[in-house]
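Participant: My structure is below; once you've seen it, I'll send some questions.
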Amino acid sequence: RLFQRGEIITDRMIASLASFGYANVKVAEPPTVAILSTGSEIVSIDKKPGRDQIRNSNSVMLKVLCERVGARVKILPQTGDDLNLLKQTISKAVGLGATRSKIQNPKSKILLISGGVSVGKYDLTKPALRELGAEIFFERVRLRPGKPTVFGRLNKTLVFGLPGNPVSSAVTFYLFVRMAILLMQKASDVDLRKASAVLTAPARGAKERDTYYPATLATDRSGRLTATPLGWQGSSDFVGFANADALIVFPRGDVANAGDVRSIVYL
């Protein structure tokens, strides 16, 4: 036996498969993921933002992250702050008819909704899901960044409501959505790779939430793995996050000094 059921096929396996005559290999069917960005402040990436507007960076980021773990992805037309339009778009994505009669084969196995998950006047994701009859499993997590993350099911589609801030959206993808996509493909190992690293600078977690802090990794002269916390300015600091190799895991209230050892997860 070369490889086990549930292993992810990598480029390093191809020569072995070919050498033993496996021209075709049985694989899991890739799940289809639909991505929907919400908010009237969002414009497409080829448009110039007006006052109080931003480009839709989350959809393309999530598309690449989903494809990296084997999903087929469709980016849906973005919706403004319009509850009825949001409900219509969600209904179409999950295969609900006009009368809400359930269809056996929804168009998407997973629906990712970016933005609108907090509790403000224009945060319409949770109201839309509730009015459509979604089963909400959780709508808040003890996590920084990513506290207002929503997870539910509508028809037969898993629905993740991710925060609109890019770093929060990325971190919650790594911690929740990535695992769901791999489990749908019957992968045997779905956890992020973990390690322990020596911190090169002090850092702390939030008082009441577990914190996943972006960091760069290196090896010091003694051969120890080191993690340097990035000069990260919060959930909207996607430029700082772009340089991260890993996330340092701080349990709630944890305070660390340079030289302390903490758990990390690789990105």
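The values are calculated or read from the model by the stated rules, or taken from the named source; none is laboratory data. Since we're looking at a predicted model, the values are computed, not measured. Using ideal geometry, Cβ is built from the backbone for each residue, glycine included, and neighbour counts are taken over all protein chains shown. Heads up: the accessible areas ignore ligands, DNA and RNA and are worked out on the full protein's heavy atoms, side chains in. Shrake-Rupley method; radii C 1.70, N 1.55, O 1.52, S 1.80 Å.
Participant: Which numbered condition in (1) open to solvent by less than 30 Å² (accessible area, probe 1.4 Å); (2) within 16 Å of Val255 (Cα to Cα); (3) of a type in the set (S, T, N, Q) is the only one that Thr226 fails?
Facilitator: (2)
Participant: Here's a follow-up. Of the residues Arg252, Arg153, which is surrounded by fewer than 17 Cβ atoms within 10 Å (Cβ to Cβ) and part of a loop (DSSP other than H, G, I, E, B)?
Facilitator: Numbers: Arg153 fails: part of a loop (DSSP other than H, G, I, E, B).
From the options Arg252, Arg153, the qualifying one is Arg252.
Participant: Looking at Val167, is it at pLDDT 95 or above and open to solvent by less than 10 Å² (accessible area, probe 1.4 Å)?
Facilitator: Values: at pLDDT 95 or above: no; open to solvent by less than 10 Å² (accessible area, probe 1.4 Å): yes.
When the stated conditions are applied, Val167 does not pass them.
Participant: While we're on this one: Of the numbered conditions (1) within 19 Å of Thr89 (Cβ to Cβ); (2) touching a strand residue (DSSP E or B) at 6+ places or on another chain (Cβ under 8 Å); (3) not aromatic (Phe, Trp, Tyr), Val167 satisfies every one except a single condition; which is it?
Facilitator: Every listed condition holds for Val167 apart from (1).
Participant: Next up: Of everything in region 241-253 that's of a type outside the set (Phe, Trp, Tyr) and in contact (Cβ under 8 Å) with a residue 40 or more places away in the chain, which residue is nearest to Leu175 (Cα to Cα)?
Facilitator: Taking region 241-253 as the starting set, the residues that turn out to be of a type outside the set (Phe, Trp, Tyr) are 242-249, 251-253.
The next check asks that each one be in contact (Cβ under 8 Å) with a residue 40 or more places away in the chain; those that pass are 246-248, 251-253.
Working: Ala246: 12, Leu247: 11, Ile248: 13, Pro251: 15, Arg252: 17, Gly253: 20 Å.
The residue in question is Leu247.
Participant: For Lys186, are the conditions met, namely being in contact (Cβ under 8 Å) with a residue 12 or more places away in the chain, among the charged types (D, E, K, R), in contact with a Gly (Cβ under 6 Å, 6 or more places away or on another chain) and more than 23 Å from Ile113 (Cα to Cα)?
Facilitator: On the way: in contact (Cβ under 8 Å) with a residue 12 or more places away in the chain: yes; among the charged types (D, E, K, R): yes; in contact with a Gly (Cβ under 6 Å, 6 or more places away or on another chain): yes; more than 23 Å from Ile113 (Cα to Cα): yes.
When the stated conditions are applied, Lys186 passes them.
Participant: Scan region 190-201 and give yes if some residue there is out of contact with any strand residue (DSSP E or B) (no Cβ under 9 Å at 6 or more places or on another chain) and loosely packed, with under 14 Cβ neighbours inside 10 Å, otherwise no.
Facilitator: Our first condition is that a residue be out of contact with any strand residue (DSSP E or B) (no Cβ under 9 Å at 6 or more places or on another chain); within region 190-201, this holds for 190.
Going one step further and asking which of them are loosely packed, with under 14 Cβ neighbours inside 10 Å, we end up with none.
Checking region 190-201: not a single residue is out of contact with any strand residue (DSSP E or B) (no Cβ under 9 Å at 6 or more places or on another chain) and loosely packed, with under 14 Cβ neighbours inside 10 Å.
Rundown of residues vs (1) in contact with a Ser or Thr (Cβ under 7 Å, 6 or more places away or on another chain); (2) modelled with pLDDT of 95 or more; (3) more than 30 Å from Glu29 (Cα to Cα), yes/no style:
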residue	(1), (2), (3)
Ser91	no, no, no
Leu96	no, no, no
Ile103	no, no, no
Ile113	yes, yes, no
Gly116	yes, no, yes
Glu131	no, yes, yes
Arg142	no, yes, yes
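Participant: Name the one entry in Thr79, Thr157 that is more than 23 Å from Thr211 (Cα to Cα) and at pLDDT 95 or above.
Facilitator: Details: Thr79 fails: at pLDDT 95 or above.
Residue meeting the stated conditions: Thr157.
Participant: Restricting to region 238-249, count the residues that are over 21 Å from Lys194 (Cβ atoms), open to solvent by 30 Å² or more (accessible area, probe 1.4 Å) and either in a loop (DSSP other than H, G, I, E, B) or not hydrophobic (A, V, I, L, M, F, W, C) (or both).
Facilitator: In the first step, residues of region 238-249 are kept if they are over 21 Å from Lys194 (Cβ atoms); the result is 238-240, 242.
Pick out the ones that are also open to solvent by 30 Å² or more (accessible area, probe 1.4 Å) and you get 238-239, 242.
Right, trim to either in a loop (DSSP other than H, G, I, E, B) or not hydrophobic (A, V, I, L, M, F, W, C) (or both) and you get 242.
Of the residues in region 238-249, 1 are over 21 Å from Lys194 (Cβ atoms), open to solvent by 30 Å² or more (accessible area, probe 1.4 Å) and either in a loop (DSSP other than H, G, I, E, B) or not hydrophobic (A, V, I, L, M, F, W, C) (or both).
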